[in-house]
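*Asks:* This structure is in structure tokens; I'll ask about it shortly.
Coordinate-derived values only; no laboratory data. Just so it is clear, the model here is predicted, and its values are computed rather than measured. Here the Cβ is made from the backbone with ideal geometry for all residues, glycine too, and neighbour counts use every protein chain on show.
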Amino acid sequence: MVPNTTIMVIPAFTGMTGLGERGFNMIRHTVAFRLKHAPGSAAEALFLTEAMKLAAIPGVQRFEQLKQVSPKNSYSFGFSMEFSDQAAYAIYNDHPMHVAFVRDRWIPEVTEFMEIDYVPL
């Protein structure tokens with residue numbers, strides 16, 4: 001007779017790439033923001049549609065548009081994207097499509113935002 005035993009299987013996590021000195025170099029770039037446009041308006045929808053183009057910039061991974069549902073803050077939307085390392089993030093920041101989006105859409109249409117860039121511990 002075999003005694004009751006519990007076997008715990010812990011799957012290996014393989015989602016991160018790019019080892020660096022302190023671990024992984026991956027950067028998750030996030031921004032929470034509020035638009036000047038009325039909720040549900042055509043202008044709001046156009047802004048979000050235009051923002052989707054940022055996903056096509058080389059180096060951008062896992063681009064997401066997010067809608068805020070918590071009453072704990074005043075932001076309405078969020079963007080999240082990942083970069084394999086600081087070099088890929090720098091390419092994104094300096095890319096003409098990103099620069100034009102910030103100049104032509106972000107600055108005139110965003111009333112408040114908070115940007116946070118994370119790296120895994």
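*Asks:* Quick query: amide H of Phe63 versus all other amide H atoms, modeled in the peptide plane; which residues come in under 5 Å with a sequence gap of 5 or more or a different chain?
*Replies:* Amide H to amide H, under 5 Å and 5 or more residues apart or across chains, Phe63 pairs with Glu82.
*Asks:* Which parts of the range 72-93 would a label at Met114 reach, counting a residue when its backbone N lies under 19 Å from a point 7 Å out along Cα-to-Cβ?
*Replies:* So the set is 72-81.
*Asks:* Straight distance only, please: which aspartates and glutamates reach the Cα of Lys67 with their own Cα at less than 20 Å, same-chain residues fewer than 8 apart left out?
*Replies:* Glu44, Glu50, Glu82, Glu109, Glu112, Glu115, Asp117
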